[in-house]
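The structure under discussion appears below in the form of structure tokens.
The values are calculated or read from the model by the stated rules, or taken from the named source; none is laboratory data. None of these values were measured; they are calculated from a predicted model. Every residue, glycine as well, gets a Cβ built from its backbone with ideal geometry; the counts of neighbours run over all protein chains shown. When the accessible area is computed, the model is the full protein with side chains, heavy atoms only, and any ligands, DNA or RNA have been set aside. Shrake-Rupley method; radii C 1.70, N 1.55, O 1.52, S 1.80 Å.
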Amino acid sequence: MVHDKSTPTNHSRIIGYPASARSADVTGVTAGHEYVILVCAWNASGEGKPSMSDTGVPG
């Protein structure tokens with residue numbers, strides 16, 4: 001999930017990747033905005049606990 005902290009009224013975006021992915025490209029971000037990325041896994045047992053990134057600001 002990608003959350004734009006600079007525009008809190010915007011909804012977060014969910015980006016899906018297969019479990020084998022070791023990296024991800026996040027597109028559609030705005031230069032100078034603050035973003036938080038949350039990574040969460042799902043499996044047959046349900047949703048895992050999310051892991052949150054530090055705030056990132058694209059250039």
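Placing pseudo-labels 7 Å out from each Cα toward the beta carbon at Leu38 and Met1 gives an inter-label distance of 0.2 nm.
Net length available on complete extension from Asn10 to Asp54 is 13.9 nm, with 0.36 nm assigned per residue and the Cα-Cα distance removed. Hydrodynamic analysis of the chain uses the Kirkwood radius over alpha carbon pairs. Inserted into Stokes-Einstein at 10 °C and 1.306 mPa s, it gives a translational diffusion coefficient of 126 µm²/s.
Just reorder Lys49, Lys5 by solvent-accessible area, largest first, 1.4 Å probe, all chains present. Intermediate values should be presented prior to the final figure.
Working: Lys49 185, Lys5 90 Å².
Putting Lys49, Lys5 in descending order of accessible area: Lys49, Lys5.
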